[in-house]
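Here the structure is laid out as structure tokens; the discussion comes afterwards.
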Amino acid sequence: MEKEYDHVNWDFLLDLLRRCGFGERLRSWIRWCISTTKFIVQINGSPTGFFNNTQGLRQGDPLSPLLFVIVMEALSKMTSALVANGRVTGYSIRSPSGRLINISYLLFLDDTLIFCEVDNNQIQVLKALILCFEAVSGLRVNLDKSDILPIGGVPRLRQLANTLGCKIALLPMTYIRLPLGATSSGYFMGYND
């Protein structure tokens, strides 16, 4: 997400809090906390007036990360609905007990990993999901930091990446500082006993 805290739509956030069962009193306190922020702008080194904020969450406010997680829960629910309706299929693996496990997406803070088939329809659905989430939440997906990662041979990969507006990544790579696609012995290269 691009500067995730700066663009959160307050009405969307407060509606999410209501839908999650937060009481009116707590929602009023949260509304007060997020809407009473004022900024001073310096011009040529001199402070020039106060400005009110109309969107976003304060960086460094201990409440902001919790509120941001609630906003990201909306993306989680939207993605889950697409999976439940068969619009996005995810990736299936077998557990050691033989049970089939479907992984459709992973969310960690402002990082999102969505698994889908190599199918133009699913890519179009993901594009619509991104646009819809951006429209309601006020957040923007940073496509300069977004990748499509093919697993196996993928025909028309460039076309799919262009549809989403992102780059193509290849294995091995890192994701949230974790190595993906490297052999386990590669993790310890350069380390001695």
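The values are calculated or read from the model by the stated rules, or taken from the named source; none is laboratory data. Predicted model, so just to flag it, every value in this text is computed and none were measured. Note that we place each Cβ from the backbone using ideal geometry, even for glycine, and neighbour counts take in every protein chain shown.
Evaluation of VAL154 against the conditions (1) modelled with pLDDT of 85 or more; (2) surrounded by 14 or more Cβ atoms within 10 Å (Cβ to Cβ); (3) within 19 Å of the chain's Cα centre (by Cα) shows that the sole unmet condition is (3). Among the residues of the range 66-117, which ones are on the phi > 0 side of the Ramachandran plot and of a type outside the set (A, V, I, L, M)? Correct list: GLY86, GLY90, GLY98.
Among the listed residues LEU107, LEU143, which satisfies the condition of being aliphatic (A, V, I, L, M) and touching a helix residue (DSSP H, G or I) at 6+ places or on another chain (Cβ under 7 Å)? Let's see the steps before the verdict.
Details: LEU143 fails: touching a helix residue (DSSP H, G or I) at 6+ places or on another chain (Cβ under 7 Å).
Exactly one of LEU107, LEU143 is aliphatic (A, V, I, L, M) and touching a helix residue (DSSP H, G or I) at 6+ places or on another chain (Cβ under 7 Å), namely LEU107.
Residue count for the range 131-147, restricted to those that are at pLDDT 95 or above and crowded, with 19+ Cβ neighbours inside 10 Å: 1.
Condition first: closer than 21 Å to MET72 by Cβ and either at pLDDT 90 or above or assigned to a helix (DSSP H, G or I) (or both). Can you find one or more residues in the range 166-188 that meet it? Even if it seems obvious, please write down each step before you answer.
Step one: list which residues in the range 166-188 are closer than 21 Å to MET72 by Cβ, which gives 166, 175-178.
With the extra rule that they be either at pLDDT 90 or above or assigned to a helix (DSSP H, G or I) (or both), the set shrinks to 166.
Taking every residue of the range 166-188 in turn, at least one turns out to be closer than 21 Å to MET72 by Cβ and either at pLDDT 90 or above or assigned to a helix (DSSP H, G or I) (or both).
Of all residues in the range 73-114, which are part of a loop (DSSP other than H, G, I, E, B), exposed (fewer than 14 other Cβ atoms within 10 Å of the Cβ) and polar (S, T, N, Q)?
Quick first cut of the range 73-114, residues part of a loop (DSSP other than H, G, I, E, B) only: 85-90, 95-99, 104, 109-110.
From the residues that got through so far, the ones that are exposed (fewer than 14 other Cβ atoms within 10 Å of the Cβ) too are 85-86, 95-99, 109.
Scanning the range 73-114 gives ASN85, SER95, SER97.
For the range 34-72, taking the residues that are small (Gly, Ala, Ser) and assigned to a helix (DSSP H, G or I), the one that is modelled with the lowest pLDDT is identified as SER35.
Right, TYR105: closer than 30 Å to PRO155 by Cα and either among the charged types (D, E, K, R) or at pLDDT 90 or above (or both) or not? When the stated conditions are applied, TYR105 passes them.
So which of GLY138, GLY165, GLY90 is under 29 Å from VAL69 (Cβ atoms) and touching a Cys at 6+ places or on another chain (Cβ under 8 Å)?
Numbers: GLY138 fails: touching a Cys at 6+ places or on another chain (Cβ under 8 Å); GLY165 fails: touching a Cys at 6+ places or on another chain (Cβ under 8 Å).
After ruling out the rest, the residue left standing is GLY90.
Selection of first residues in the range 16-29 that are closer than 22 Å to MET72 by Cβ and touching a residue at least 40 places away in the same chain (Cβ under 8 Å) and of second residues that are surrounded by 11 or more Cβ atoms within 10 Å (Cβ to Cβ) and of a type outside the set (Ser, Thr, Tyr), restricted to Cβ pairs under 6 Å at least 6 apart or on distinct chains, gives the following pairs, ordered by first then second residue: LEU16/ILE70; LEU16/ALA74; LEU17/ARG27.
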